[in-house]
Each structure stands twice: as structure tokens, then as C-alpha cells.
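Following: one structure in C-alpha cells, then a few remarks.
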Amino acid sequence: MTSLFVCPICGGALSREPKLYRCASGHSFDRAAQGYVHLLPANRKHSADPGDDREMVAARAAFLACGHYAPLRQLLCAAALAHCPEEGGFLDSGCGEGYYTEGICDALKKAGRQNPAAGIDISKAAAKLAARRCPDAEIAVASAYRLPVADRHIGLLLNCFSPLCIDEFRRVLQPGGRFLYVVPAPRHLMQLKELLYERPYENARIKAEYPGFRYLGVQSFEGSAFLRSGQEIQNLFGMTPYFWKTPRAGKERLAALDSLETEIGFDLHIYERL
């Protein structure tokens with residue numbers, strides 16, 4: 001079976017077999033028991049185990065399972081149905097544990113669409129979870145800065161809270177393909193930040209133009225999330241960048257809480273590949 005992925009060594013097409021991926025040049029890559037494939041060559045790794053670690057991935061999976069970001073998933077599913085071309089694959093670049101990948105794959109499948117789907121993440125821990133929850137999609141450990149995907153093979157590309165690699169996105173998207181780009185709205189998690197920092201600030205609201213793309217507009221969601229336990233609060237904290245750069249006093253204030261209501265907000269920017 002032909003894969004959406006290409007060989008990360010020679011760039012040749014990969015065939016997908018039950019236990020491995022193989023190219024015509026003889027390069028092969030084992031499929032893990034969980035179903036994902038490792039397509040990040042050792043000489044392109046910047047650490048022994050790059051990306052989110054097991055604890056951060058577990059925290060995000062537990063938080064998302066509570067449904068706090070379900071409005072974003074619904075927004076993405078509707079956008080995918082409206083913008084995914086009939087031809088070309090769907091790629092989630094920086095898919096994490098597969099929460100949004102799964103939602104879009106299910107929405108396309110229920111609508112009778114036949115677009116092949118794939119997701120990549122540089123975190124092996126994330127790829128393991130994504131492969132389990134997205135059995136109809138190909139999942140790979142790979143870098144968004146060197147996507148193991150052929151030129152112009154993707155019809156719909158999602159980038160949700162992940163590194164923006166616009167040159168690679170332009171390369172893999174087919175003309176007329178759509179790029180869904182999710183960023184936090186200005187007051188996203190503001191009440192959480194007020195607890196963590198002395199001078200919290202709003203996120204900048206962006207509207208960027210990129211060479212090779214036509215900007216089609218933005219869809220936004222603003223609401224709130226009520227976290228009902230200290231564990232939910234810690235799961236949210238553990239999946240954010242704030243986990244790594246919060247002073248001790250902020251962490252202590254957060255640890256003392258057993259509930260928290262915070263604003264959430266997402267901006268979904270939509271682009272067309274020229």
C-alpha cells in the first residue's frame with residue numbers, strides 16, 4: 001500500500017507493509033507495535049528524545065479528555081469539511097496525541113470523503129498516543145521542518161499550537177490546498193496567567209500574509225473553561241509552555257487551588273495555497 005510519507009533519507013516513495021515502511025532504494029523503517037513509524041533520522045535529532053516528554057503528553061491527553069477544548073475541535077472539523085479538496089491528503093503537522101487529528105479524520109470519513117490522512121510529531125510519546133486513537137491515519141515521528149511528504153501531495157494541512165514551518169507547508173500543499181493555522185486568542189488562559197505571573201499580558205492578535213498563500217479569513221472562538229479539581233488545573237498547567245518558565249511563587253499559588261475558571265480563546269486562520 002502506498003504511503004503519504006516519503007523516505008526521509010532519499011525522498012523516494014514509501015510502501016506501507018504490516019510491520020514496516022520500505023522505499024525502492026532499500027531503506028526501511030519499522031512500524032512500532034502501537035502503529036506509528038519513526039521517520040526522524042538520528043542526525044536530525046537535537047536531543048536523545050526530542051519534543052514533549054511523556055509527562056507533558058499525558059497531562060495534555062488527560063486535560064483534553066475532559067472536553068474543555070471541544071469547541072476548538074468542532075470548529076476545526078467544520079473548517080475541514082468546508083475547505084478540504086476532493087483530492088490530496090490531510091496532514092496534521094505537530095499532531096500531538098491526536099485529539100484534533102482524530103476529530104477531523106472522523107468528520108471526513110462520516111462525510112464520505114476518501115482523503116488519506118497522516119500526522120507527524122517530533123515527540124515519540126505523542127506519536128504513540130496518536131497512532132492508538134487514529135487507526136485510519138498514518139502517524140510518524142518526524143520534524144515539521146523536514147516533513148517526510150512529497151511536494152504537492154497534501155490538500156489540507158493543520159497546524160495547531162505547533163511550530164510554523166511555512167516553507168515546508170508551501171512545499172507539500174497542492175495548488176488550491178488549504179492551510180488551517182490555530183493560535184491562541186489574546187485572552188486565552190488569562191486567569192491562569194494572572195495566578196502565575198505578576199504582570200500577565202495578552203497574546204498578540206496576528207493577521208499574517210505568507211508568500212505563496214492567499215489569506216481567506218479567520219474564525220474565532222471565545223469562551224471559558226471551568227476546572228473542577230486540582231488535578232485538572234495541574235494537567236492544564238503541565239501541557240503549557242508556562243510549566244517551564246513559571247516562578248516558584250506562581251506554582252505555589254496554583255497548587256493551592258482546587259478549582260479554576262479561565263477564559264479560553266482560539267483564532268483559526270485559513271489560507272489557500274496559490
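The values are calculated or read from the model by the stated rules, or taken from the named source; none is laboratory data. Because the structure is predicted, anything quoted here is derived from the model rather than measured. Neighbour counts are summed over all protein chains in view; Cβ atoms, including those assigned to glycine, are modelled from backbone coordinates with ideal geometry.
Numbers for the structure displayed
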read-out	value
Every residue from the range 160-177 that is surrounded by fewer than 18 Cβ atoms within 10 Å (Cβ to Cβ) and of a type in the set (A, V, I, L, M)	Leu164, Ile166
Among (1) surrounded by 21 or more Cβ atoms within 10 Å (Cβ to Cβ); (2) at positive phi; (3) in contact with a Pro (Cβ under 7 Å, 6 or more places away or on another chain) - the single one Leu189 does not satisfy	(3)
Condition met for Ala59 (outside any loop (DSSP other than H, G, I, E, B) and in contact (Cβ under 8 Å) with a residue 40 or more places away in the chain)	yes
Entirely in the range 71-168, the strands (runs of 3 or more DSSP E) that have 3 or more residues that are closer than 22 Å to Tyr271 by Cβ and out of contact with any strand residue (DSSP E or B) (no Cβ under 7 Å at 6 or more places or on another chain)	none
The range 242-255 residues that are closer than 15 Å to Glu232 by Cβ, paired with ones that are among the polar types (S, T, N, Q) and in a helix (DSSP H, G or I) (beta carbon under 9 Å, 6 or more apart)	Leu254/Gln234; Ala255/Gln234
Selected residue (criterion: farthest from Arg152 (Cα to Cα)) from residues of the range 16-27 that are at pLDDT 95 or above and surrounded by 14 or more Cβ atoms within 10 Å (Cβ to Cβ)	His27
Residue satisfying condition, being among the hydrophobic types (A, V, I, L, M, F, W, C), closer than 30 Å to Gly89 by Cα, buried (at least 17 other Cβ atoms within 10 Å of the Cβ) and touching a Lys or Arg at 6+ places or on another chain (Cβ under 8 Å), within set Leu180, Leu196, Leu274, Leu157	Leu157
Residues satisfying the stated conditions in the range 241-260, i.e. modelled with pLDDT of 95 or more, surrounded by fewer than 12 Cβ atoms within 10 Å (Cβ to Cβ) and under 21 Å from His188 (Cβ atoms)	Ser259
Only one of Ala82, Ala42, Ala48 that is surrounded by fewer than 14 Cβ atoms within 10 Å (Cβ to Cβ) and at pLDDT 95 or above	Ala82
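Let's see how each residue does on (1) at pLDDT 95 or above; (2) over 28 Å from Ala185 (Cα atoms); (3) not hydrophobic (A, V, I, L, M, F, W, C):
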| residue | (1), (2), (3) |
| --- | --- |
| Gly96 | yes, no, yes |
| Ala117 | yes, no, no |
| Asp121 | yes, no, yes |
| Asp136 | no, yes, yes |
| Arg152 | yes, yes, yes |
